[in-house]
1. Could you calculate the contour length gain from ALA94 to GLU42, that is, 0.36 nm times the residue separation minus the distance between their Cα atoms, to one decimal place in nm?
2. Regarding the stretch 1-107, what are the three Cα extents along the principal axes, ordered largest first, in Å?
3. Ranking THR146, THR105, THR43 by Cβ neighbours within 10 Å, fewest first, what do you get?
4. Quick one: order MET181, MET36 by neighbouring beta-carbon count within 10 Å, fewest to most.
5. Quick one: length gained pulling ALA24 to ALA117 fully straight, 0.36 nm per residue minus the C-alpha distance?
6. Return LYS118, LYS143 ranked ascending by Cβ neighbour count within 10 Å, so the fewest neighbours appear first.
7. Applying the Karplus parametrisation 6.51 cos²θ - 1.76 cosθ + 1.60 with θ = phi - 60° to the phi angles of the stretch 88-101, what ³J(HN,Hα) value in whole Hz is obtained for each residue in order, glycine and proline being reported as x?
8. Percent relative contact order of the stretch 1-46, based on C-alpha pairs within less than 8 angstrom and at least six residues apart?
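Derivation of every value follows stated rules applied to the coordinates shown; laboratory data play no part. Predicted model only: the values in this text are computed from it and were never measured. Note: ideal-geometry Cβ built from the backbone for every residue, glycine included; neighbour counts use all protein chains shown.
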Amino acid sequence: MTETSQDRLLDAILPHVPFDGWSAAAFAAACADADMTRAEAETIAPRGAIDLAIAFHRRGDRAMVEGIATSDMAAMKFREKVAAALRLRLDVMADQREAVRRATTLFALPQNAPDGAKLVWETSDQVWTALGDTSRDINWYTKRATLSGVWASTVLFWLGDDTPGSADTTAFVDRRIEDVMRIEKVKAQVRDNALTKPFANFASKVFATVKAPDFSRLDDLPSRIVRAK
């Protein structure tokens, strides 16, 4: 893969993040290390370090998707595939724990929370898409919302996990995915139960018009958002 100017700037800031966080000081040091002027760097990251923190997260998502594509998951149950995908995402971050910790703190700030929530959603979307999710109705949203909660809690657990190979985090992921599957099982039981089926059918009709986003309609719009691949 060809290195871009953003890659070069991101690689330059990472050694400074454990000491200075995703800060203006770290951004200035990255400019110097990457042999870029401040003006050049700001054309790549207009908001400075926060834009590089976002690029750092999306780089991890891309690596996870590549890992899923090259993994043999054919014999796995779907819950095992989801858990394996999240473990792949953790593996990507394994040698950058402090950068992740600093990014988590950064995106917890009120002014940065929308960016943080969007990134968590993107990771969830990348997992479902890479695993072949074909839902186009309300389930498109509920799957991603549920997995977003799992992923956010997993990162926080992992940051405090000092067991060899993050063994406790692996167990935590398995438990959380099992909880999600249990919810899906309850939903199926509600749909099949004679007493609750009318309510389930009513809810189904209410949400029948909710559809997944049609990103193809955005192709001809200027400045459109491009999903990570």
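1. 15.9 nm is the gain from fully extending ALA94 to GLU42.
2. Each principal axis gives a Cα extent; for the stretch 1-107 these are 51, 29, 19 Å.
3. Sorted ascending by nearby Cβ count, the order is THR43, THR105, THR146.
4. Ascending Cβ contact count within 10 Å gives the list MET181, MET36.
5. 31.2 nm is the gain from fully extending ALA24 to ALA117.
6. Least crowded to most crowded, the residues run LYS118, LYS143.
7. Those phi angles translate into 4, 5, 5, 4, 4, 8, 3, 9, 10, 4, 5, 5, 5, 4 Hz.
8. Once normalised by length, the contact order is 40 percent.
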